[in-house]
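Below you'll find the structure, written out as structure tokens, and then a few comments.
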Amino acid sequence: MRIERNRYVVMRKNRTEVWCGLAKHFSFRPISEIKDVSVKTYRSETQARSGCSSWDRDFEVVPVIEMIATEEALKDA
């Protein structure tokens, strides 16, 4: 099984940190430290921007491809 879908994430403008967390426990995390931390993704650029509209402007919305795959699917690719 392999599912790919277009999503959007919020990153610092220098692209060294990404918006992570669940529920109300969100924070920017360095990309090198993400490991098993949940990355907050949005279905559209508009949703991502509106979720961050009250912040300072030291961020950008970046399009990404989210992938969910079984280990077998990754081996076959």
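Just so you know, all these numbers are worked out from the coordinates, no wet-lab data involved. Source: prediction; values computed, not measured. Glycine gets a Cβ as well: all are built from the backbone with ideal geometry, and neighbour counts include every protein chain shown.
Tabulated data
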{"read-out": "Of the GluC sites (Glu not before Pro) in region 41-77, those whose Cβ has at most 16 other Cβ within 10 Å and which sit in DSSP loop", "value": "none"}
{"read-out": "The chain: chymotrypsin sites (Phe, Trp or Tyr not before Pro) in DSSP loop, at most 12 other beta carbons within 10 Å", "value": "W55"}
{"read-out": "For the chain, the longest site-free run once trypsin sites (Lys or Arg not before Pro) in DSSP loop states with at most 12 other Cβ atoms within 10 Å are removed", "value": "58-77"}
{"read-out": "From phi via Karplus (6.51, -1.76, 1.60), per-residue ³J(HN,Hα) for region 36-47 in Hz, x at Gly/Pro", "value": "9, 6, 6, 8, 6, 10, 10, 6, 9, 5, 4, 4"}
{"read-out": "In sequence order, calculated HN-Hα J values of region 2-8 (Karplus, 6.51, -1.76, 1.60; Hz; x Gly/Pro)", "value": "8, 10, 10, 8, 6, 9, 10"}
